[in-house]
Amino acid sequence: MNDLALASEASFSPHPSFPFVPLHQEILVLVDGARQISWLEVGSTLRTNFAQHVVHNSQEQRGWAEKMGFPGHALMVSRDDGPWLKGIQRWADLPAHFPQTLATDMRAHLNPTRCSLIRRLSMQLVLRLRTPCPSCQGPGFGVVDRRRGLPCSGCGYPTSWILACLWRCEWCQHLEQRQRPDGIKNADPAHCDVCNP
């Protein structure tokens, strides 16, 4: 039996601030079953091809499919609210009945756009595992939460910008609050609810 497991899970939804913009959120987790420890990396991006569209003829089907990156990205197809046919990767496999609903297949192994965020999170996880805890020297010391409240440079009021990050060791539970790594001390007044309501 393997003691280590690596998994990812994604969600695709409208952006909370811009409802017409799709948001891709991804979670990557490494679990050490023998030691009952896990490391989690979370990320999001606006770079996604998450979409679906009803097409009425082969020309419209081809145009939308190409726009979504097909055949490099797989598609799913459904007709009359029937079951979805998933994992279509060749033009010859796209059904010729219309109207039909086409959707991008968002499963990671069939969607290179999704894989780019998974790749970024994988690199973050590697860097985290290479970071020893300052207390016990165990691997994987990293960011587990962020605190908002960076003060406005105009009035000093706390903004929604990140003020500091919480770092934790999953081995000994050592916890530290560290300032932003980019050195920014104040937020622009354009992002302040007092200066720019």
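The values are calculated or read from the model by the stated rules, or taken from the named source; none is laboratory data. This one's a predicted model, so the numbers in the text were calculated from it and none came from an experiment. A quick note on method: Cβ atoms are made from the backbone with ideal geometry, for glycine too, and the neighbour counts reach across all protein chains shown.
A few remarks follow.
- Of the strands (runs of 3 or more DSSP E) entirely within region 81-171, those holding at least 3 residues that are under 23 Å from Glu66 (Cβ atoms) occupy 85-88, 100-104.
- Cβ-Cβ distances below 8 Å connect the following pairs, each with a first residue in region 32-60 that is on the phi < 0 side of the Ramachandran plot and surrounded by 14 or more Cβ atoms within 10 Å (Cβ to Cβ), a second residue that is in a loop (DSSP other than H, G, I, E, B) and small (Gly, Ala, Ser), and a separation of six or more residues or different chains: Ile37/Gly140; Trp39/Gly140; Asn49/Gly69.
- Count of region 15-54 residues which are outside any loop (DSSP other than H, G, I, E, B) and more than 13 Å from the chain's Cα centre (by Cα): 9
- Of all residues making up region 92-115, the number that are in contact (Cβ under 8 Å) with a residue 60 or more places away in the chain and either on the phi > 0 side of the Ramachandran plot or not charged (D, E, K, R) (or both): 4
- Here Thr101 passes the criteria (1) surrounded by 18 or more Cβ atoms within 10 Å (Cβ to Cβ); (2) more than 22 Å from Glu9 (Cα to Cα); (3) β-branched (Val, Ile, Thr) except the one numbered (1).
- Checking each residue of region 136-148 against the condition of being surrounded by 14 or more Cβ atoms within 10 Å (Cβ to Cβ), more than 15 Å from Pro181 (Cα to Cα) and within 16 Å of the chain's Cα centre (by Cα) gives no match.
- Pick from region 1-13, criterion under 13 Å from the mean Cα position of the chain (by Cα) and either touching a residue at least 40 places away in the same chain (Cβ under 8 Å) or surrounded by 11 or more Cβ atoms within 10 Å (Cβ to Cβ) (or both), ranking: nearest to Arg35 (Cα to Cα): Ser8
- Phe70 falls short on exactly one of the conditions (1) assigned by TED's automatic domain parsing to the domain that holds Ala10; (2) among the aromatic types (Phe, Trp, Tyr); (3) assigned to a loop (DSSP other than H, G, I, E, B), and that condition is (1).
- Those residues of region 116-161 which are more than 19 Å from Gly43 (Cβ to Cβ) and either of a type in the set (S, T, N, Q) or touching a residue at least 60 places away in the same chain (Cβ under 8 Å) (or both), in sequence order: Ser135, Gln137, Ser153, Thr159
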